[in-house]
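The values are calculated or read from the model by the stated rules, or taken from the named source; none is laboratory data. All of these numbers come straight from a predicted model, not from anything done at the bench. In this analysis, Cβ positions are derived from the backbone assuming ideal geometry, glycine residues included, and neighbour counts consider all displayed protein chains.
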Amino acid sequence: MASGKLGSAALAADTYTTVYTVPAGKAATINIALVNRGADTALVRVALTNEAVTPLDEDFIEYDAKLPIDGGILERTAVVASAGEKIMVMASTASVTVRVHGFEEDA
């Protein structure tokens, strides 16, 4: 059973990034933390999806949420995900870091 950091990324602007995928046969309880390291407000999108490239409209748990400059933070906690589901994130700037942490257990 994995626990702790499950994935992280420094995001490219306007590009969906899969930060974490729940392994087959597992369920995960995760926390998602995003921070804006830059001097411009960032808009961020977070989706829990089974899609490979672009999330569907119904997959978003945050959509164009504003992260203030110089350390603005967004956190989602206690998100439960099923085997095969992915956390996909996109930001409007290249100054956002995302970390997914939590634990996996047998489904």
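Numbers for the structure displayed
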| read-out | value |
| --- | --- |
| Every residue from the range 69-87 that is of a type outside the set (A, V, I, L, M, F, W, C), under 26 Å from R37 (Cα atoms) and assigned to a loop (DSSP other than H, G, I, E, B) | D70, G71, G72 |
| Count of residues meeting criterion [outside any strand (DSSP E or B), of a type in the set (D, E, K, R) and touching a residue at least 60 places away in the same chain (Cβ under 8 Å)] in the range 12-50 | 2 |
| Close pairs (9 angstrom Cβ cut-off, 6 or more residues apart or separate chains): part of a strand (DSSP E or B) and surrounded by fewer than 19 Cβ atoms within 10 Å (Cβ to Cβ) in the range 88-107, among the small types (G, A, S) and modelled with pLDDT under 95 anywhere | H101/S3; F103/A2; F103/S3 |
| Residue match in the range 62-73 (condition: β-branched (V, I, T) and within 12 Å of the chain's Cα centre (by Cα)) | no |
| Check on L67, free of Cβ contacts under 8 Å to residues at least 12 places away in the same chain, out of contact with any Phe, Trp or Tyr (no Cβ under 7 Å at 6 or more places or on another chain) and hydrophobic (A, V, I, L, M, F, W, C) | no |
| Verdict on V44 being in contact with a Leu (Cβ under 6 Å, 6 or more places away or on another chain) and modelled with pLDDT of 95 or more | yes |
